[in-house]
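Heads up: the structure comes next, in structure tokens.
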Amino acid sequence: MVPKATKKLRYSIDLPFPISINGLYRVVRGKPILSAQYRAWIAEADALVLSQRIGPPQPLLTFSAAIFLCAAQRKRRDIDNLAKAVFDYAERVELITNDRACNALLMAWSDQRAPTGCRLVLWGET
């Protein structure tokens, strides 16, 4: 059997500053639902991504990622609490198949690389 050819791709998208993992969901009658704050963030992210016109993506099966966050919004935040919303959004818009496929992750505070609050850079294979 001939192995299927893979394609190496790179995506870079700007997103609003992400919601902390602690604010993504709330529990109603024992079931987790998206919080109003998270739904608003998703709507803002959708509008921002549409304006970037990245075209229909080919989801990455395995990937590495860099997440740059606006340093001005650092305050007393734990940087690792901010990756979940970004990765879940990348799955939602089909840039990646699943965040479990991430081989490496770099997160950094940077005003130059995060003009809208957050920049996600993904590279990997389809």
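If the reach is capped at under 19 angstrom between alpha carbons, list the aspartates and glutamates near residue 7, excluding any in the same chain fewer than eight residues apart.
Partners within reach: 91, 94, 99, 125.
Helix 83-92 versus the longest principal axis of the chain: what is the Cα-based angle in degrees, 0 to 90, to the nearest 10?
Tilt relative to the chain: about 50 degrees.
What do you get for the angle between helix 36-52 and the principal long axis of the chain? Use alpha-carbon atoms, 0 to 90 degrees, nearest ten.
40
Taking residue 8 as the anchor, which lysines have their alpha carbon closer than 30 Å to its alpha carbon, excluding any fewer than eight residues away along the same chain?
84
Taking a ≥ b ≥ c as the square roots of the Cα gyration tensor eigenvalues, with a/c under 1.5 meaning rounded and otherwise prolate when a/b beats b/c, else oblate, which class fits the stretch 60-110? Walk me through the intermediate numbers first.
Values: a/c = 2.54, a/b = 2.03, b/c = 1.25.
It is prolate, given that a/c is not under 1.5 and a/b is the larger ratio.
Could you give each residue of the stretch 96-102 its phi-based ³J(HN,Hα) in whole Hz, using Karplus coefficients 6.51, -1.76, 1.60 with θ = phi - 60°, and x for Gly or Pro?
Each residue's phi maps through the Karplus curve to give 10, 7, 6, 5, 5, 7, 6 Hz.
Could you identify which residue out of 33, 13, 79 has the top mean-square fluctuation in a GNM of the chain using Cα springs shorter than 10 Å?
Evaluated over the chain, the most mobile residue of the options is 33.
Skipping prolines and chain starts, which residues have an amide H placed within reach, meaning under 5 Å, of the one on residue 109, given they are 5 or more residues away or on another chain?
69
What is the set of long-range amide H partners of residue 35 at a cut-off below 5 Å, with H atoms built 1.01 Å from backbone N?
25, 26
Kindly state, as a whole number, the per residue volume in cubic angstrom of the convex hull around the alpha carbon atoms of the chain.
126
Along the Cα-to-C-beta direction of residue 111, a point sits 7 Å from the Cα; which residues of the stretch 71-98 have their amide N less than 18 Å from that point?
Residues passing the 18 Å test: 71-77.
Give me a comma-separated list of calculated 3J(HN,Hα) values for the stretch 108-120, in order, Karplus coefficients 6.51, -1.76, 1.60 applied at θ = phi - 60°, integers in Hz, x for any Gly or Pro.
8, 7, 6, 6, 5, 9, 9, x, 9, x, 7, 10, 10
Bear in mind these aren't lab numbers, they're just calculated from the coordinates by the rules spelled out. Fair warning: this is a prediction, and the values are worked out from it, not measured in the lab. A quick note on method: Cβ atoms are made from the backbone with ideal geometry, for glycine too, and the neighbour counts reach across all protein chains shown.
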